[in-house]
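Peer 1: Okay, handing you the structure first.
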Amino acid sequence: MLRVGMLTSGGDCQALNATMRAIVKTLAFKTEGKVEVYGFLDGYQGLIYNRYTRLSPEDFAGSLTHGGTILGTSRTPFKELDKPTADGVQKVPAMVSNYRKLGLDCLFMLGGNGSTKTANRLSQEGLNVIALPKTIDNDTWGTDMTFGFTSAVEVATKCIDDIRTTATSHGRVFVIEIMGHKVGWIPLYAGVAGGADVILLPEIPYDIDNVVEAIDEAHADGERYAIIVAAEGAISKEDAALSKKEYKAKLAKRVMPSVAYEIADQIAARTDREVRVAVPGHTQRGGQPDAQDRIFAMQCGVEAAMGCLEGKYGFMVSQRKSRMCRVPLKDVAGKLKYVDPDGEMVREARDLGISFGDR
Ligand code: F6P
């Protein structure tokens, strides 16, 4: 009998259930039902406190289209891994011990960057771990794609489309804040798909005067409105020149609720246009997985299950140039995949006339 554990860690996304379903169905099919699956509740917390539920393929009936995670999730910061919990439990030894007590052959971890660091640590402690690249942000190093990304882009694009109609009616400038603190893949893709005039990314610091210039140009071209897509982590050139510490201190004193409001305020101060803000926020992590995410969830789940059946561990499932592959966990842990400011997508967007606010 094969015994495996599974957990979902970090921010949720639309395709978690679809991915777990693919793992469980593949294992059950390939072993002719000779598999026991332990689903740990609320991310690594479930493994720390040995809180789990048994899972079978039937538990995933209808789940292909359900966002969120049936296991629940939580964030267990990597930097606090060696600090005991509030009730004095040493996290890593507890996880290792619970894995061993259940006699698990493998642990499937569906998570993003921070979670992958913890998965690597558990792998170094001798556990058989397989990670699957979950995050709407698509910022996991070592894979072209993460599950959750295309669904989030879909939600963000729909938001831009919806704002466009009201922006047109009123002839307003809209600043739409899209998720992505450190990395701007969602704002880049949704901005292009939604026909934004300006896209502001954490990777390309902006100058507000360039943003205003782009708005003026849009108006000169006959547009009644303008759409600015700003990543949560959009940063001005001035702020990018600060040290990490100085920037953190400045953010702590920010009076505006977020960067979009700050940018809107600066635009309003420099023009006589009406400016509004829209923040779709966590709707970008909600709702159903789109078709592409469901397919990628299937590919990730099958690849992970096959790795386990082959007795191969210590890797993250990945996709490169449309081919599924496996990347050693130690190579992935702690690395982010940033938007390349000189990359193809940014270049094409610039050729189309989209401004990134940097020139
Ligand atoms: O990592 C996914 C993500 O949705 C980011 O895009 C966003 O910045 C962050 O999580 C929000 O985190 P929380 O759900 O803890 O507010």
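The values are calculated or read from the model by the stated rules, or taken from the named source; none is laboratory data. Everything quoted here is computed from the prediction, not taken from an experiment. Counting neighbours? That spans all protein chains shown, and the Cβs are built from the backbone with ideal geometry, glycine included. Quick note on the areas: whole protein, heavy atoms, side chains included, nothing else; ligands and nucleic acids left out. Shrake-Rupley method; radii C 1.70, N 1.55, O 1.52, S 1.80 Å.
Peer 1: Give the residues of segment 297-324 that are within 18 Å of Thr69 (Cβ to Cβ) and open to solvent by 10 Å² or more (accessible area, probe 1.4 Å), sorted by residue number.
Peer 2: The one that is within 18 Å of Thr69 (Cβ to Cβ) and open to solvent by 10 Å² or more (accessible area, probe 1.4 Å): Met298.
Peer 1: Taking Tyr313 as the residue in question, decide whether it is in contact with a Pro (Cβ under 9 Å, 6 or more places away or on another chain), assigned to a loop (DSSP other than H, G, I, E, B) and over 21 Å from Val175 (Cβ atoms).
Peer 2: So Tyr313 fails the test.
Peer 1: Which of the residues spanning segment 13-60 are within 16 Å of the ligand (Cβ to nearest atom) and either surrounded by fewer than 23 Cβ atoms within 10 Å (Cβ to Cβ) or not assigned by TED's automatic domain parsing to the domain that holds Val302 (or both)?
Peer 2: Once the filter is applied, which keeps residues that are within 16 Å of the ligand (Cβ to nearest atom) and either surrounded by fewer than 23 Cβ atoms within 10 Å (Cβ to Cβ) or not assigned by TED's automatic domain parsing to the domain that holds Val302 (or both), segment 13-60 yields Asp42, Gln45.
Peer 1: Within the bounds of segment 259-282, is there any residue that is part of a helix (DSSP H, G or I), among the aromatic types (Phe, Trp, Tyr) and within 30 Å of Ala226 (Cα to Cα)?
Peer 2: Yes; the residues of segment 259-282 include at least one that is part of a helix (DSSP H, G or I), among the aromatic types (Phe, Trp, Tyr) and within 30 Å of Ala226 (Cα to Cα).
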